[in-house]
Amino acid sequence: MAERLPTTAELERAFGGKGVVGQTRSVFQALRDEEARGRNLREVQLKDNYSFQWTQLAVFDDKATGGQLVTDWIDFAQLHFVEKPGFMAASQRMAQEDETPLDPEGTNFDPVEHLSVPGTAMVLAWRQDERGFYTGAKLLLFALASVPDGYKILISATWMGPAVRMGG
């Protein structure tokens, strides 16, 4: 007795009424979805030592209320710190109006002629998402001594801590 091939109705019943193509397509789609979920999960795993760096030119002029400037919200982009990150700030001297430029090595630096007042920043407010992750901050920038109107300084900040990287 010769083996016979199954009928179309028998094939559809064997594969849940979807037919061979419909059944394999849903299996392949499920495999692709599972791989994408795994890839996304690997990308958002908690890491201990993420850092976010930011720099801004601060000009202390009539907009500096009480000698202090408030930044706009600084967005940590794809980083979402899972706890309040550590914060550090520092400053870099900028050439001021009407002063003799410093040579590349700074050997002609004269504290009388080259006004150099360091600046720093402190966190004024934190922004958090719906899970409580820290996603941004607003800073208060200030010079560490009195400065003349129009004094410029470059202030940098770094946030460090455990975070996840969200998105692509």
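Across segment 116-140, which residue is surrounded by the most Cβ atoms within 10 Å (Cβ to Cβ) among those that are assigned to a strand (DSSP E or B) and not hydrophobic (A, V, I, L, M, F, W, C)? Among those residues, the one meeting the criterion is 119.
Being modelled with pLDDT of 90 or more and β-branched (Val, Ile, Thr) is the requirement here; does residue 100 meet it? Taking the combined requirement at face value, the residue does not satisfy it.
Kindly check whether there is at least one residue in segment 5-21 that is under 26 Å from the mean Cα position of the chain (by Cα), in a helix (DSSP H, G or I) and either surrounded by 10 or more Cβ atoms within 10 Å (Cβ to Cβ) or modelled with pLDDT of 75 or more (or both). Within segment 5-21, none of the residues are under 26 Å from the mean Cα position of the chain (by Cα), in a helix (DSSP H, G or I) and either surrounded by 10 or more Cβ atoms within 10 Å (Cβ to Cβ) or modelled with pLDDT of 75 or more (or both). For segment 141-153, state whether one or more residues are charged (D, E, K, R), closer than 30 Å to residue 36 by Cβ, part of a strand (DSSP E or B) and not assigned by TED's automatic domain parsing to the domain that holds residue 36. No, segment 141-153 contains no residue that is charged (D, E, K, R), closer than 30 Å to residue 36 by Cβ, part of a strand (DSSP E or B) and not assigned by TED's automatic domain parsing to the domain that holds residue 36. On the stretch given as segment 126-149, residues that are out of contact with any Ser or Thr (no Cβ under 7 Å at 6 or more places or on another chain), closer than 15 Å to residue 83 by Cβ and charged (D, E, K, R) total 1.
The values are calculated or read from the model by the stated rules, or taken from the named source; none is laboratory data. Being a predicted model, the structure only gives us computed values, none of them experimental. We place every Cβ from the backbone using ideal geometry, glycine too, and count neighbours over all the protein chains shown.
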